[in-house]
Amino acid sequence: MIWLTWRQFRTQALVVAAALAAIAIYLVYLGSRIRDDYASVLGCQPSDCATARHAFDESYTGPLSIVGLLLIAVPAVIGIFWGAPLIARELEERTDRLVWNQSVTRTRWLATKLVLLTLAGAAVTGLFSLLLTWNASRYDQFIGDRFGAVNFASRNVVPLGYAAFAFVLGTVVGLVARRTLVAMALTLAVFAIVQLLVPTVVREHLMAPVTTTVAFDEDAMSRSDAFGINDRGATIVGYTMAGTWSLTDDAKVLNADGTPYTLQQAKACEKGSQAENTACMAGQNLHFSYTYQPAGRYWPFQWIELSAYLGVTLLLAAFGFWWIRHRSS
Amino acid sequence: MTTATTPVIETGGLGKRYGRTTALADCTLHVPAGRIVGLVGPNGAGKSTLLGLTCGVIAPTTGSIKVLGNRPGGSAAQLAKVGFVAQDAPVYRGLSVADHLRLGARLNPRWDQPLAERRVKRLGLDPAQKAGGLSGGQRAQLALTVAAAKRAELLILDEPVASLDPLARHAFLRDLLDFVAELGVSVVLSSHLLGDLEQVCDHLIVLAAGRVQLAGDVDDLLAVHHRVAGALPTGAERIHEDVVRSDAVLPGAQPVDLEDLGMAYMTRAAVASIGGAA
């Protein structure tokens, strides 16, 4: 069975290995450039630091996002081109009649294929993820947006879960749909929906978020996008505590006694320069409420998401075994 | 454990429905070991369904079936005992002839590599040739080779000659007879043309409209069927036109050949179904 699995799979394996090698070469090149540039950012003259940091961010956000998206696409490709045709093509070409009548039960046939190819898919994705994680480590440290939808999904261990899930999903859809093209389209649709829903709707609920009170000061201002005030109160927009995953888009700025910060209070702080204004407001003892996932939860989130994907993968596989034994004829 | 007296196929009230369509109904058969069984019936009679049930790729809706004493397709050991060549002899188009033999060798514990190589050589197949480039006849031969070298106790061939020209049909069947004698296996082969099977089979099953019309060893069947012109003798049953069934010897009756016998049963079933529909 192992020989047959390899024999039927080797063309796809070579294509993927070649693609992975090309990406690896690019990533090693990109990685060494990031490391060189990062060293110069750290060693910058105080007067040039702001510019150096900005340039560093500018140069690498684009390439790393593209490579990150590519890594997110790898499991989809595995599901569509490895998983979906795996059984569907056998059924279409009727070779199931040949191979399922050798002295190997369908269960063993499917088990061998699923285990070997899931491992292959996870290995490819894992290698890619390892390269990218190494590559982007300086950048991630510097920018600190590790919970960002693309960044989170394209680093460390979660891509392994996506690969296993996509492959088994494709295989089982192919088994049930019995048509390669239909199975490929369905796999893409289902996988895309899951990959959109998980970061936008599901992920933030994996652990109960923490709500805290943050003092409104220069630091808070520098970590937010905007501050707005009108006669109904003041709002801080897009504040993100270092390394955390902010679940607060905007928050009301309040006085120490919990009453809204007013226009009159703000008027009292109209000094002259922006820095002076902010310093004055910081002295007014203001605060706002901030709901977030703490930075230390990055790894728990990685492991929980990986486990959840692997769990769903196992359920799908169990369904596939049941189907191939009872329904597939 | 399979012994020489274990029936190759034993079914009781076997049936298969797909939704509301009945593919096979109330099929009761007893096929002894060592036979070459011809399964004949018009297209859509349920032949492929019966063969699929026999090798276990299809599960029955009703009734029971035992093949070589066991549930078909239930275990690796049972799969090893039954060789199956499906209709149109599916093979892997991208794999070479040699790859197919390697597939057989890897997946079958009793694989007979010398037999497989001998057959490939005698058939003149190039081991490096991709199966997708073989002719219909060569593909059928390759599929048969894989099934035969498995050294099964029962070989099931679904319409093995349907896609072959008359010359290749003859060669295929003669070759089949040769190695059946060599291997000592039981064989079931189906066709919608009795003429194809007449020269090889010694047990006949006629299937029409999803039901068994006639089943038995060829010699026994020929002994109780006759051609009688004119009135029906007492104790005889008319099958169709002048073909009658009678256990007693009928004076003046002509012997019937297998092709006419099968045709008489198939025609009777067809007429009955038209009558039933009207």
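What about residue B:57, is it under 27 Å from residue B:131 (Cβ atoms), hydrophobic (A, V, I, L, M, F, W, C) and at pLDDT below 90?
yes
Take residue B:44 and decide whether it is more than 12 Å from chain A (Cβ to nearest Cβ), not charged (D, E, K, R) and not in a helix (DSSP H, G or I).
For residue B:44, the condition - more than 12 Å from chain A (Cβ to nearest Cβ), not charged (D, E, K, R) and not in a helix (DSSP H, G or I) - is met.
Report yes if residue B:59 is out of contact with any strand residue (DSSP E or B) (no Cβ under 7 Å at 6 or more places or on another chain) and within 22 Å of residue A:7 (Cα to Cα), otherwise no.
No, not satisfied.
Check the stretch A:77-92 and report whether any residue there is farther than 18 Å from residue A:125 by Cα, assigned to a helix (DSSP H, G or I) and modelled with pLDDT under 90.
no
I'd like to check which helices (runs of 4 or more DSSP H) are fully inside the stretch B:171-278 and have at least 3 residues that are buried (at least 22 other Cβ atoms within 10 Å of the Cβ) and in contact with a Ser or Thr (Cβ under 9 Å, 6 or more places away or on another chain).
In the stretch B:171-278, there are no helices (runs of 4 or more DSSP H) which contain 3 or more residues that are buried (at least 22 other Cβ atoms within 10 Å of the Cβ) and in contact with a Ser or Thr (Cβ under 9 Å, 6 or more places away or on another chain).
Taking the stretch A:93-114, which residues are of a type in the set (Ser, Thr, Tyr) and either farther than 24 Å from residue B:152 by Cβ or assigned to a helix (DSSP H, G or I) (or both)?
If the condition is that a residue be of a type in the set (Ser, Thr, Tyr) and either farther than 24 Å from residue B:152 by Cβ or assigned to a helix (DSSP H, G or I) (or both), then A:107, A:112 are the ones that fit.
Of all the residues that make up the stretch A:231-242, how many are crowded, with 16+ Cβ neighbours inside 10 Å and of a type outside the set (Val, Ile, Thr)?
3
Give me a count of the residues in the stretch B:105-128 that are within 14 Å of chain A (Cβ to nearest Cβ) and either touching a strand residue (DSSP E or B) at 6+ places or on another chain (Cβ under 6 Å) or surrounded by fewer than 20 Cβ atoms within 10 Å (Cβ to Cβ) (or both).
Within the stretch B:105-128, residues that are within 14 Å of chain A (Cβ to nearest Cβ) and either touching a strand residue (DSSP E or B) at 6+ places or on another chain (Cβ under 6 Å) or surrounded by fewer than 20 Cβ atoms within 10 Å (Cβ to Cβ) (or both) number 5.
Can you name every residue in the stretch B:129-147 that is part of a helix (DSSP H, G or I) and either within 13 Å of chain A (Cβ to nearest Cβ) or of a type outside the set (Gly, Ala, Ser) (or both)?
Hits for the stretch B:129-147 are B:131, B:132, B:138, B:139, B:140, B:141, B:142, B:143, B:144, B:145, B:146, B:147.
Quick check on the stretch B:149-162: of everything there that is farther than 16 Å from residue B:37 by Cβ and surrounded by fewer than 24 Cβ atoms within 10 Å (Cβ to Cβ), which residue is nearest to the other protein chains (Cβ to nearest Cβ)?
B:151
Looking at A:131, A:117, which one is more than 14 Å from every other protein chain (Cβ to nearest Cβ), under 14 Å from residue A:4 (Cα atoms), at pLDDT 90 or above and not in a loop (DSSP other than H, G, I, E, B)?
A:117
Can you tell me which residue within the stretch A:77-116, out of those that are more than 15 Å from residue A:320 (Cα to Cα) and aliphatic (A, V, I, L, M), is farthest from the chain's Cα centre (by Cα)?
A:98
Residues of the stretch B:163-190 being out of contact with any helix residue (DSSP H, G or I) (no Cβ under 6 Å at 6 or more places or on another chain) and within 14 Å of chain A (Cβ to nearest Cβ), which ones?
B:188
Scanning the stretch A:23-41 for residues that are among the small types (Gly, Ala, Ser) and under 22 Å from the mean Cα position of the chain (by Cα), which turns out surrounded by the fewest Cβ atoms within 10 Å (Cβ to Cβ)?
Checked the stretch A:23-41; the qualifying residue surrounded by the fewest Cβ atoms within 10 Å (Cβ to Cβ) is A:24.
In the stretch B:78-104, how many are free of Cβ contacts under 8 Å to residues at least 24 places away in the same chain and either more than 8 Å from chain A (Cβ to nearest Cβ) or not in a helix (DSSP H, G or I) (or both)?
Of the residues in that region, 1 qualify.
Pick out the one residue from B:210, B:195 that is at pLDDT 85 or above, closer than 30 Å to residue B:53 by Cα and within 21 Å of the chain's Cα centre (by Cα).
The match here is B:210.
Looking at (1) over 16 Å from the mean Cα position of the chain (by Cα); (2) modelled with pLDDT of 90 or more, find the lone condition where residue B:136 falls short.
With (1) over 16 Å from the mean Cα position of the chain (by Cα); (2) modelled with pLDDT of 90 or more applied to residue B:136, the lone miss is (2).
Counting only residues that are within 35 Å of the chain's Cα centre (by Cα), give me the helices (runs of 4 or more DSSP H) lying completely in the stretch A:178-296 with at least 3 of them.
A:180-197, A:218-222
The values are calculated or read from the model by the stated rules, or taken from the named source; none is laboratory data. Everything quoted here is computed from the prediction, not taken from an experiment. As a convention, Cβ positions derive from the backbone with ideal geometry for all residues, glycine included, and neighbour counts pool all protein chains shown.
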